[in-house]
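Engineer: This is the structure I want to talk about, given as structure tokens.
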Amino acid sequence: MTKTINGFSKLPKIEKIKWLAEHFCADAAGAACDFASWQHPEAGVQKIIDGFAENTVANFALPYCIAPNFLINGKIYAVPMVIEESSVVAAASSAAKFWQERGGFHAEVLGTVKLGQVHFYWPGNPEKLRSIFPELKARLLDSCGDLTANMQQRGGGVLDLELIDFETVEPGYYQIRASFETCDSMGANFINSVLERFADTLEDFFTLFPGLSDIERDAEVVMSILSNYTPECLVRAWVECPIDSFADLARKQGMDAAPLAHRFARAVRIAQIDPYRATTHNKGIYNGIDAVVLATGNDFRAVEACGHTFASRDGQYRSLSSCTVQQGIFRFELEIPLALGTVGGLTSLHPLAKRSLEILGNPSAHELMCITAVVGLAQNFGAVRSLITTGIQHGHMKMHLTNILNHLGANAEEAASAQHFFQNQTVSFSAVRSFLAEIRPRGH
């Protein structure tokens, strides 16, 4: 029986599921039931969700969680987070509560510039290209007026065009780097539409502009596309407090406040020095950021790609956060690029994305950037705090205990006994399995 198929995308969803289950699943009937059970009960909503991607056969469920008590710039938020990893939301909520009692989180947007590029090859004299660029720039900007009119009315549009010369590394290669302001929209479709118009105009320019040689008219546009690296679309989040504010936390570890604060700062410093540690350190930041980005219908893949490039901007991959302990003050800070939107795309289509924005008070893109950066900082604080005190597994495995019990088929009574037993015991898969074996009747 062949496992290849023509015209799969044209099949009704029920036929897609039937074919998939029969050809790739051991239990065809069970698989078909699993796929069907993850459909949205409202047909209209499901139709919208099906339109997000191609060949949709089901929805993939992830926990939709709330982290309360975030005091950000003097305002309290309950933050929606979509994530499956144990302890992430608990850590964020714990950090939020900790800092709520110490003045809360602070955040500010440092810039909102987004970038796009038209990549092309110019076989002529570089000086000549530079000399005609002002004329070319004017034509490019004029060519996209119909596309940018609405965005300009909202205060956005094309900010500037710059000619970038890569001759020294790739002969003949240049790019036009365009900067954009997209207001409350993430703006990917807007930017790409403008860039493609630029590419068409550039092709016409090479063909029609007077005074170009036959060789120069062979200039070639290779591609036009936005860049997900947006180092000027930047937000800073921070917390600070007197070192003495760590007294209660330090006392639980049998320490004084100052040594604990300095240990925290050293842990962050290690992530600035060592790329191996920095990778895991920054992954913890994105545990928080990705969860908010997903909940609000934004593009977590673009956000992560940008952040990791930003972490390498000086040639070495480093921590995105920093920490200082000076003159009796502890300060923990995150500076990170976040290209987010609150209008358009999935933010306006996905039912829970819309609900997430409502829960957050229907924020502007600026406000959402601040909230998201703060959750990343909170997550990072919670992870580092655990690492320098109890260790990361203590809290993580406590949260993971429920998953282990479900995996081992524990009933309600067994689960309750296990939760009680492991309050002061190390949680591991083998330890939980052994515990259940002891309390279960023989032959279970």
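Engineer: Of the numbered conditions (1) without any contact (Cβ under 8 Å) to a residue 40 or more places away in the chain; (2) under 18 Å from the mean Cα position of the chain (by Cα), Pro68 satisfies every one except a single condition; which is it?
Structural biologist: Failing condition for Pro68: (2).
Engineer: Out of Leu71, Leu115, Leu62, which single residue is crowded, with 17+ Cβ neighbours inside 10 Å and either under 30 Å from Leu401 (Cα atoms) or in contact with a helix residue (DSSP H, G or I) (Cβ under 6 Å, 6 or more places away or on another chain) (or both)? Spell out how you get there, then give the answer.
Structural biologist: Values: Leu115 fails: either under 30 Å from Leu401 (Cα atoms) or in contact with a helix residue (DSSP H, G or I) (Cβ under 6 Å, 6 or more places away or on another chain) (or both); Leu62 fails: crowded, with 17+ Cβ neighbours inside 10 Å.
Of Leu71, Leu115, Leu62, the one residue that is crowded, with 17+ Cβ neighbours inside 10 Å and either under 30 Å from Leu401 (Cα atoms) or in contact with a helix residue (DSSP H, G or I) (Cβ under 6 Å, 6 or more places away or on another chain) (or both) is Leu71.
Engineer: Taking Ala271 as meeting all but one of (1) touching a His at 6+ places or on another chain (Cβ under 7 Å); (2) assigned to a loop (DSSP other than H, G, I, E, B), write down the number of the exception.
Structural biologist: Against the list (1) touching a His at 6+ places or on another chain (Cβ under 7 Å); (2) assigned to a loop (DSSP other than H, G, I, E, B), Ala271 comes up short only on (2).
Engineer: Still on this structure: How many residues does the stretch 70-93 hold that are over 21 Å from Leu352 (Cβ atoms) and modelled with pLDDT of 95 or more?
Structural biologist: Of the residues in the stretch 70-93, 6 are over 21 Å from Leu352 (Cβ atoms) and modelled with pLDDT of 95 or more.
Engineer: Can I ask one more? Does at least one position in the stretch 294-309 carry a residue that is out of contact with any helix residue (DSSP H, G or I) (no Cβ under 8 Å at 6 or more places or on another chain), at pLDDT below 95, assigned to a helix (DSSP H, G or I) and on the phi < 0 side of the Ramachandran plot?
Structural biologist: Within the stretch 294-309, none of the residues are out of contact with any helix residue (DSSP H, G or I) (no Cβ under 8 Å at 6 or more places or on another chain), at pLDDT below 95, assigned to a helix (DSSP H, G or I) and on the phi < 0 side of the Ramachandran plot.
Engineer: Further, regarding this structure: Which of (1) within 22 Å of Lys354 (Cβ to Cβ); (2) touching a Lys or Arg at 6+ places or on another chain (Cβ under 9 Å); (3) not charged (D, E, K, R) does Ala61 not meet, given it meets every other one?
Structural biologist: Here Ala61 clears every test but (2).
Engineer: While we're looking at this one, here's another question. Anything in the stretch 246-264 that is of a type in the set (Gly, Ala, Ser) and within 23 Å of Ala373 (Cα to Cα)? List them, or say none.
Structural biologist: Keep residues of the stretch 246-264 that are of a type in the set (Gly, Ala, Ser), which gives 247, 250, 254, 257-258, 261.
Result: Ala261, single match.
Engineer: Looking at the stretch 130-145, which of its residues are acidic (Asp, Glu) and within 37 Å of the chain's Cα centre (by Cα)? Let's see the steps before the verdict.
Structural biologist: Within the stretch 130-145, the subset acidic (Asp, Glu) is 135, 142.
Of everything in the stretch 130-145, just one residue is acidic (Asp, Glu) and within 37 Å of the chain's Cα centre (by Cα), namely Asp142.
Engineer: Among the residues that make up the stretch 2-23, is at least one of them surrounded by fewer than 18 Cβ atoms within 10 Å (Cβ to Cβ) and closer than 28 Å to Asn403 by Cα? Lay out the reasoning, then the answer.
Structural biologist: From the stretch 2-23, those surrounded by fewer than 18 Cβ atoms within 10 Å (Cβ to Cβ) are 2-15, 18-19, 22-23; that's our starting set.
Subset that is closer than 28 Å to Asn403 by Cα: none.
No, because not a single residue in the stretch 2-23 is surrounded by fewer than 18 Cβ atoms within 10 Å (Cβ to Cβ) and closer than 28 Å to Asn403 by Cα.
Engineer: Among what's in the stretch 172-202 and is acidic (Asp, Glu) and either more than 23 Å from Leu338 (Cα to Cα) or crowded, with 23+ Cβ neighbours inside 10 Å (or both), pick the residue that is nearest to the chain's Cα centre (by Cα). Reasoning before the result, please.
Structural biologist: Residues of the stretch 172-202 acidic (Asp, Glu): 181, 184, 196, 200.
Now restrict to residues that are either more than 23 Å from Leu338 (Cα to Cα) or crowded, with 23+ Cβ neighbours inside 10 Å (or both): 196, 200.
Numbers: Glu196: 26, Asp200: 32 Å.
Only one residue tops the list, namely Glu196.
Engineer: Just name the residue that is surrounded by the most Cβ atoms within 10 Å (Cβ to Cβ) out of those in the stretch 34-53 that are out of contact with any helix residue (DSSP H, G or I) (no Cβ under 6 Å at 6 or more places or on another chain) and part of a loop (DSSP other than H, G, I, E, B).
Structural biologist: Here the answer is Phe52.
Engineer: If Arg102 satisfies all but one of (1) within 26 Å of Pro351 (Cα to Cα); (2) touching a Ser or Thr at 6+ places or on another chain (Cβ under 7 Å), what's the number of the condition it fails?
Structural biologist: (1)
Engineer: While we're on this one: Evaluate the following for Thr347: is it surrounded by fewer than 17 Cβ atoms within 10 Å (Cβ to Cβ), touching a residue at least 24 places away in the same chain (Cβ under 8 Å) and either more than 21 Å from Glu232 (Cα to Cα) or polar (S, T, N, Q) (or both)?
Structural biologist: Values: surrounded by fewer than 17 Cβ atoms within 10 Å (Cβ to Cβ): no; touching a residue at least 24 places away in the same chain (Cβ under 8 Å): yes; either more than 21 Å from Glu232 (Cα to Cα) or polar (S, T, N, Q) (or both): yes.
No: the conditions fail for Thr347.
Engineer: Further, regarding this structure: Can you say whether Leu334 is under 29 Å from the mean Cα position of the chain (by Cα), hydrophobic (A, V, I, L, M, F, W, C) and more than 30 Å from Cys306 (Cα to Cα), as far as the supplied structure shows?
Structural biologist: Working: under 29 Å from the mean Cα position of the chain (by Cα): yes; hydrophobic (A, V, I, L, M, F, W, C): yes; more than 30 Å from Cys306 (Cα to Cα): no.
Against the criterion (under 29 Å from the mean Cα position of the chain (by Cα), hydrophobic (A, V, I, L, M, F, W, C) and more than 30 Å from Cys306 (Cα to Cα)), Leu334 does not qualify.
Engineer: How many residues are buried (at least 18 other Cβ atoms within 10 Å of the Cβ) and under 21 Å from Ser245 (Cα atoms) if we restrict to the stretch 78-106?
Structural biologist: The number of residues fulfilling the criteria is 11.
Engineer: Residues of the stretch 203-226 being surrounded by fewer than 21 Cβ atoms within 10 Å (Cβ to Cβ), in contact (Cβ under 8 Å) with a residue 12 or more places away in the chain and among the aliphatic types (A, V, I, L, M), which ones?
Structural biologist: Leu212, Ile215, Ala219, Val221, Val222, Met223, Ile225
Engineer: Using beta carbons and a limit of 9 Å, which pairs, at least six apart or on different chains, have the first residue in the stretch 302-317 and over 17 Å from Arg269 (Cα atoms) and surrounded by fewer than 17 Cβ atoms within 10 Å (Cβ to Cβ) and the second one modelled with pLDDT under 95 and among the aliphatic types (A, V, I, L, M)?
Structural biologist: Between residues of the stretch 302-317 that are over 17 Å from Arg269 (Cα atoms) and surrounded by fewer than 17 Cβ atoms within 10 Å (Cβ to Cβ) and residues that are modelled with pLDDT under 95 and among the aliphatic types (A, V, I, L, M), there is no close pair.
Engineer: Mind listing just one residue for me: the one in the stretch 304-338 that is out of contact with any Asp or Glu (no Cβ under 8 Å at 6 or more places or on another chain) and small (Gly, Ala, Ser) and, of those, nearest to Ala378 (Cα to Cα)?
Structural biologist: Ser319
Engineer: Any residue at all in the stretch 181-197 that's touching a residue at least 24 places away in the same chain (Cβ under 8 Å), under 18 Å from Glu220 (Cα atoms), in contact with a Leu (Cβ under 9 Å, 6 or more places away or on another chain) and assigned to a helix (DSSP H, G or I)? Steps first, please.
Structural biologist: Taking the stretch 181-197 as the starting set, the residues that turn out to be touching a residue at least 24 places away in the same chain (Cβ under 8 Å) are 181-197.
Imposing the further condition that a residue be under 18 Å from Glu220 (Cα atoms) reduces the set to 195-197.
This time we only want the ones that are in contact with a Leu (Cβ under 9 Å, 6 or more places away or on another chain), so: 195, 197.
Within this subset, residues satisfying the condition of being assigned to a helix (DSSP H, G or I) are 195, 197.
There is at least one residue in the stretch 181-197 that is touching a residue at least 24 places away in the same chain (Cβ under 8 Å), under 18 Å from Glu220 (Cα atoms), in contact with a Leu (Cβ under 9 Å, 6 or more places away or on another chain) and assigned to a helix (DSSP H, G or I).
The values are calculated or read from the model by the stated rules, or taken from the named source; none is laboratory data. Since the model is a prediction, treat every value here as computed from it, not as a measurement. For neighbour counting, all protein chains shown are included, and Cβ atoms are generated from backbone atoms with ideal geometry for every residue, glycine included.
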